[in-house]
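These notes are about the structure you will find just below.
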Amino acid sequence: MNWSIIIESTLEAMVTKNAVVFALAAIGLNIHYGYTGLLNFGQAGFMAAGAYGTGIAITQWGWTIGPAALFGIVLSVLLAFFLGLPTLRLRADYLAIVTIAAAEIIRRIVKSTQYSEVTGGSGGLNGIGRGFYDNNPIDSGLDLGIVSFSERELWFMVVGWGVVVLCMVLTYLLVRSPWGRVLKAIREDEDAVRSLGKNVTWYKMQSLILGGMFGALGGIMLTLEQQSVQPDQFFTPTTFFAFTALILGGAGRVFGPVVGSMLFWGIIQFTDVSLRQAIANDHIPTWLMDGVQAGQVRFIIAGGLLAALMIFRQQGLFGNKREVALDDH
Amino acid sequence: MPAAPRRLLLLLVALTSVLGFSFVGAGAASAQDATEEPGDPEATPEAEEAAEDESIASVVGSLKYDDEEDNEVPVEGVEISATGADGEEVAIDTTAEDGTFLLELPEPGEYTFTVNPDTIPDGISLRSEERGTTTFSLSPGQQRTVLFPLVEGEARERSSGSTKIAQVPQLAFEGFKFGLIIAMSAVGLSLIYGTTGLVNFAHGEVVTFGALLAYLFNVTFGLHLLIAGPIAVLLAGVFGGGFDRGFWRPLRNRGTSLIAMLVVSIGLSLVLRYIFLYQFGGRTRPFDQYAIQTDTIEFLNITMVRKDIWIVVVSIILLVLVALALGGTRIGKATRAVADNRDLAESSGIDVEKVILVVWAVGSGLAAVGGIFLGLTEQVSWQGGFQLLLLMFAGVTLGGLGTAYGALVGSIIVGLAVQLSTLVISSELKNVAALLILAFILLVRPQGILGRKERVG
């Protein structure tokens, strides 16, 4: 067992690609679930809208990164409209059913051969946004002893965490505004808010759109980081990784989703690398687990973590128990 | 509730150990497959998801004609080829002595199957020219039968109308069969919702679990599917009941909110699904019996094999029994009463917890039947049930969430819609039709066809 590799890759996973992407997706889910009480189980669909919107605009139409990203965000707004329209008047579980289905449908559409001229089919799109790394002002890597980052990684971290901080500030300001107080009131008691003359459905729609835009930003950052996009990155477990990260950090807290995402990927990477090391060093016999199976353990951990948190500690690490104890409308 | 976590743990251990045990045999059986599944150390979730699509689809059939005495005569040496959507020939086979052929396709998708007319022996011809080619789509792991009708002498039949119209009876039959499978799987989902308020996202895994249990007894232990199937259904029912007793009931007693339980069911679904993948592997596998049936029956332009008929008949019998039980027996009436108004039912002396237990057990058993039939129609897969889940939701919502009869009606409509939609859209996207129906019904009649309005607000 090479512990320095395990520690190094765990620390790296907590600050690089996935941590950033899922922090953004979870910030969006926090708006939905943490502040408004909406069950959006299709965050992967919003991420796909952002990622594919950007990717298609850049590779097919030759747009630059800025407008292309904006196009991705516009697509996510449209998606929120289409999902919200039939479901937001209804009880929370209808939104859950429709969003999980919609995300899966989006994945199938972008993966299908029928639209592969635009979306690249199951191979996805490559060579997206070369300008992102071409404009990298950082010219040398960083070596901190136990972890080291290349100049590309550093550039992505600066931009990515910059976007995350901006989203956190925006969330902080919004949830403390009168608008945010209405959202929290909807979470606590929808009927009471309605009786005060607020248009609850429209507030929920705004919440769905805003959170979806954060999700789309996550998808856009993913696209820029890897310069490509594949449909199966947006399968259903993606949503639940973000959801688990949110619950782990604490829903209804500005920092919750960000800390949750870092911890979640730390846990996942730690078990993943440890298991692979153990297999490579024959601490685990191959009849019990092989390399492919080791890669599946992360899903079992994520699902188990989600179920256990919801049963035993709904407020996660930093949440307020009273605030997240959702009752049933 | 100190007992609740312990019981939960025991249940999960029991569940995983059963499955762990189960596929030791399957593992041995699949040892020869190991070379096809290279242990990629950098396997990403995306790669594993993609493995689903590597499961090949295949097409079988046999070429025969009826001679003057109505004896079936197999035709040997006829070339049949499959061409992909891009016009490239991907598979070719020549019929064997008994007239059978098998085309293995590299990936799911739309293919055109053609009989090479030059290889058909003299004195025999296709019943009509245009029936020498046929185009349809195959989903991962699916095996379909294709029929090329031959006659003695020259072609008699003239082309009949547009080919799209001609496909309608076939697609309607397949849609009906698929709808029955969805319905059987979804009855439990709907009744569990009706009696407990829980939207169980892990219900798809109950369906898969049934199919995997049947696979275990059938392939690993070598029992005939007719014995393995009922054992699997009974066991799935027992597990379902045990799951309620050991897991969901303690959660209800703890006062866990319905929304929290819904999220718990999502977590469970993820855990179970990937335990299935861990144990069963990403490939789809057929049962030992009835996997390939080549003698087709043609009836009203519908081509089917014997297992299709049996699936439809058994499904209808089971669903009628469920409907009769709900309408006529004590427990059935009690179930409807609890689904209607739990508090009133309880105060009138109905043992609500017992009703819920029965609903879980029977619902899981039926879901297992659905899973086995799905495994017979396509193949057994670690995520077959999950892929069915979204269609179950569509059917249940369409019919009216929480009602039993609604689940039946809605599911059959969804099954028909999914299959018939392939007339106008690519079959890769056929599930989109079900989602659109779902969105539409939520817009205009959110309570569903048979639901009542006060449930939805």
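The values are calculated or read from the model by the stated rules, or taken from the named source; none is laboratory data. The shown structure was predicted, so the numbers you read here are calculated from the model rather than taken from an experiment. Using ideal geometry, Cβ is built from the backbone for each residue, glycine included, and neighbour counts are taken over all protein chains shown.
Are there helices (runs of 4 or more DSSP H) fully within segment A:210-329 with at least 3 residues that are surrounded by 19 or more Cβ atoms within 10 Å (Cβ to Cβ)? List them.
Result: A:236-249, A:256-280, A:291-312.
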* Evaluate segment B:376-385: report whether one residue or more is closer than 22 Å to B:Leu213 by Cα, of a type in the set (A, V, I, L, M, F, W, C), modelled with pLDDT under 90 and in a helix (DSSP H, G or I). => yes
* Structure fact -> Selection over segment B:432-452 where residues are more than 9 Å from chain A (Cβ to nearest Cβ), under 21 Å from the mean Cα position of the chain (by Cα) and small (Gly, Ala, Ser) yields a count of 1
* Asked: Considering B:Asp308, B:Asp244, which residue is more than 30 Å from B:Leu63 (Cα to Cα), of a type in the set (Asp, Glu), touching a helix residue (DSSP H, G or I) at 6+ places or on another chain (Cβ under 7 Å) and in a helix (DSSP H, G or I)?
  -> B:Asp244
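With the requirement that a residue be surrounded by 18 or more Cβ atoms within 10 Å (Cβ to Cβ) and more than 18 Å from the chain's Cα centre (by Cα), what does segment B:224-236 give you?
Scanning segment B:224-236 gives a single hit, B:Leu235.
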* Asked: Tally time: how many residues in segment A:229-249 are within 14 Å of A:Arg298 (Cα to Cα) and of a type in the set (Gly, Ala, Ser)?
  -> 2
* Which condition breaks for A:Phe81 when tested against (1) under 30 Å from B:Gln447 (Cβ atoms); (2) buried (at least 19 other Cβ atoms within 10 Å of the Cβ)? -> (2)
* Asked: What is the one condition in (1) without any contact (Cβ under 8 Å) to a residue 60 or more places away in the chain; (2) more than 13 Å from chain B (Cβ to nearest Cβ); (3) under 26 Å from A:Ile31 (Cα atoms) that A:Phe312 does not satisfy?
  -> (2)
* One residue from B:Leu429, B:Leu408 being within 14 Å of chain A (Cβ to nearest Cβ) and either out of contact with any Cys (no Cβ under 9 Å at 6 or more places or on another chain) or without any contact (Cβ under 8 Å) to a residue 24 or more places away in the chain (or both) -> B:Leu429
* To do: Determine, yes or no, whether B:Ser421 is crowded, with 21+ Cβ neighbours inside 10 Å, within 14 Å of chain A (Cβ to nearest Cβ), in a helix (DSSP H, G or I) and not aliphatic (A, V, I, L, M).
  => yes
* To do: Give me a count of the residues in segment A:6-34 that are surrounded by fewer than 24 Cβ atoms within 10 Å (Cβ to Cβ) and either under 20 Å from A:Gln206 (Cα atoms) or not acidic (Asp, Glu) (or both).
  => 11
* Asked: Filtering segment B:311-337 down to residues that are hydroxyl-bearing (Ser, Thr, Tyr) and in a helix (DSSP H, G or I), which residue is surrounded by the most Cβ atoms within 10 Å (Cβ to Cβ)?
  -> B:Thr335
* **Qualifying residues in segment B:394-405 (those that are part of a helix (DSSP H, G or I) and in contact with a Phe, Trp or Tyr (Cβ under 9 Å, 6 or more places away or on another chain)) - the one farthest from the other protein chains (Cβ to nearest Cβ)** => B:Gly399
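Let's see how each residue does on (1) surrounded by fewer than 18 Cβ atoms within 10 Å (Cβ to Cβ); (2) among the basic types (Lys, Arg):
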| position | (1), (2) |
| --- | --- |
| A:Gly123 | yes, no |
| A:Arg130 | yes, yes |
| A:Pro137 | yes, no |
| A:Glu151 | yes, no |
| A:Leu173 | yes, no |
| A:Gly180 | no, no |
* Taking A:Val182 as the residue in question, decide whether it is in contact with a helix residue (DSSP H, G or I) (Cβ under 8 Å, 6 or more places away or on another chain) and among the β-branched types (Val, Ile, Thr). => yes
* **Options B:Ala232, B:Ala211: the member that is assigned to a helix (DSSP H, G or I), touching a strand residue (DSSP E or B) at 6+ places or on another chain (Cβ under 6 Å), touching a residue at least 24 places away in the same chain (Cβ under 8 Å) and hydrophobic (A, V, I, L, M, F, W, C)** => B:Ala211
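Determine whether segment A:265-283 contains at least one residue that is touching a Leu at 6+ places or on another chain (Cβ under 7 Å), more than 16 Å from A:Gly34 (Cβ to Cβ) and among the aliphatic types (A, V, I, L, M). Lay out the reasoning, then the answer.
Start the filter on segment A:265-283 by keeping residues that are touching a Leu at 6+ places or on another chain (Cβ under 7 Å), which leaves none.
No: segment A:265-283 contains no residue that is touching a Leu at 6+ places or on another chain (Cβ under 7 Å), more than 16 Å from A:Gly34 (Cβ to Cβ) and among the aliphatic types (A, V, I, L, M).
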* How about segment A:90-192: which helices (runs of 4 or more DSSP H) wholly inside it have at least 1 residues that are within 14 Å of another protein chain (Cβ to nearest Cβ) and either in contact with an Asp or Glu (Cβ under 6 Å, 6 or more places away or on another chain) or within 30 Å of A:Tyr35 (Cβ to Cβ) (or both)? -> A:92-111, A:178-188
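Name every residue in segment B:60-73 that is touching an Asp or Glu at 6+ places or on another chain (Cβ under 8 Å) and either at pLDDT 75 or above or buried (at least 18 other Cβ atoms within 10 Å of the Cβ) (or both), in order of residue number.
B:Ser62, B:Lys64, B:Tyr65
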* Structure fact -> Note on segment B:252-268: residues in a helix (DSSP H, G or I), more than 7 Å from every other protein chain (Cβ to nearest Cβ) and not basic (Lys, Arg) are B:Asn253, B:Met261, B:Ser265
* To do: Within segment A:188-199, track down each residue that is without any contact (Cβ under 8 Å) to a residue 60 or more places away in the chain and crowded, with 19+ Cβ neighbours inside 10 Å.
  => A:Val193
